[in-house]
1. Of a type in the set (A, V, I, L, M) and part of a loop (DSSP other than H, G, I, E, B): does that describe LEU90?
2. Which one of these does LEU51 not meet: (1) more than 13 Å from the chain's Cα centre (by Cα); (2) touching a residue at least 24 places away in the same chain (Cβ under 8 Å); (3) farther than 17 Å from ASP21 by Cα?
3. Test LYS130 against the stated conditions and say whether it is within 20 Å of ASN18 (Cα to Cα), in a helix (DSSP H, G or I) and of a type in the set (Lys, Arg).
4. Does any residue of region 97-111 turn out to be touching a residue at least 40 places away in the same chain (Cβ under 8 Å) and either assigned to a helix (DSSP H, G or I) or in contact with a Phe, Trp or Tyr (Cβ under 6 Å, 6 or more places away or on another chain) (or both)?
5. Six or more apart or on different chains, Cβ atoms under 9 Å: show the pairs whose first residue is in region 119-135 and within 17 Å of LEU68 (Cα to Cα) and whose second is among the acidic types (Asp, Glu).
6. For region 14-70, give me each residue that is in a loop (DSSP other than H, G, I, E, B), out of contact with any Asp or Glu (no Cβ under 7 Å at 6 or more places or on another chain) and within 17 Å of PRO94 (Cβ to Cβ).
7. Among the numbered criteria (1) aliphatic (A, V, I, L, M); (2) in contact with a strand residue (DSSP E or B) (Cβ under 9 Å, 6 or more places away or on another chain); (3) loosely packed, with under 15 Cβ neighbours inside 10 Å, which one does ILE27 miss?
8. Just need a number here: residues in region 107-140 that are over 14 Å from ALA28 (Cα atoms) and either exposed (fewer than 12 other Cβ atoms within 10 Å of the Cβ) or at pLDDT 90 or above (or both).
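The values are calculated or read from the model by the stated rules, or taken from the named source; none is laboratory data. Being a predicted model, the structure only gives us computed values, none of them experimental. Ideal geometry is used to build each Cβ from the backbone, glycine not excepted, and the neighbour counts take in all protein chains shown.
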Amino acid sequence: MRTITAIMPIEVLLVEDNPGDAQLTRIALEDSKISIHLNVVEDGVEAMAFLRKQDKYAKAAHPDIILLDLNLPRKDGREVLAEIKGDENLKRIPVVVLTTSQAEEDILKAYNLSANCYITKPVDFDQFVKIVQSIENFWFAIVKLPPE
C-alpha cells in the first residue's frame, strides 16, 4: 500500500480545461499539510497520453489519484473514465469526478464506469476550496491508496 511520507509527494493528475478551476484547485492544495505534486492536463487526449506516458509525458509520474472533469475538449471525461477503468495498468487509480454537471444521467454513467466518487463543483470560491480540501483530507489522510 502507498504510504504518505515527506519524501514522496502524493501525485495528483487534474484533468481540467477551465484555467480558473485549475488555479482554484492549485490554491486549495497549497495549504496542505502533506506534500502534493499537482499535474494538470487540459483535455482527455492529453490525460490519456499522460497516463500512458506517451510523447512529452514519457517521464510523467504515475498518479495516486485523478481529479476528472467530465466536459472536456477532444475526448470527454466519460470516455477518459471508461479508458482508465478498462486498462489493466490504470484501473486501480482512484478517479474523483469533479464537474459542474448535476445531471442524474452523468452521475449514473460515471458510477457505471467505476468512478470512485462524483462531486459537483460549487460556484462559490470558498465552497470550491472546502470541497478540494475535503477531497484531500479523505483521499490523502484517511484512505489507503493502491500501490503503483
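1. Judged against the criteria, LEU90 is a match.
2. Evaluating LEU51 over (1) more than 13 Å from the chain's Cα centre (by Cα); (2) touching a residue at least 24 places away in the same chain (Cβ under 8 Å); (3) farther than 17 Å from ASP21 by Cα leaves (1) as the failure.
3. Details: within 20 Å of ASN18 (Cα to Cα): yes; in a helix (DSSP H, G or I): yes; of a type in the set (Lys, Arg): yes.
Here the answer is yes, as LYS130 does meet what is asked.
4. Yes.
5. Pairs found: LYS121/ASP21; LYS121/ASP69; PHE128/ASP21; VAL129/ASP31; GLN133/ASP31.
6. ILE34
7. (2) is the only condition that ILE27 fails.
8. Residues that pass the stated criteria total 15.
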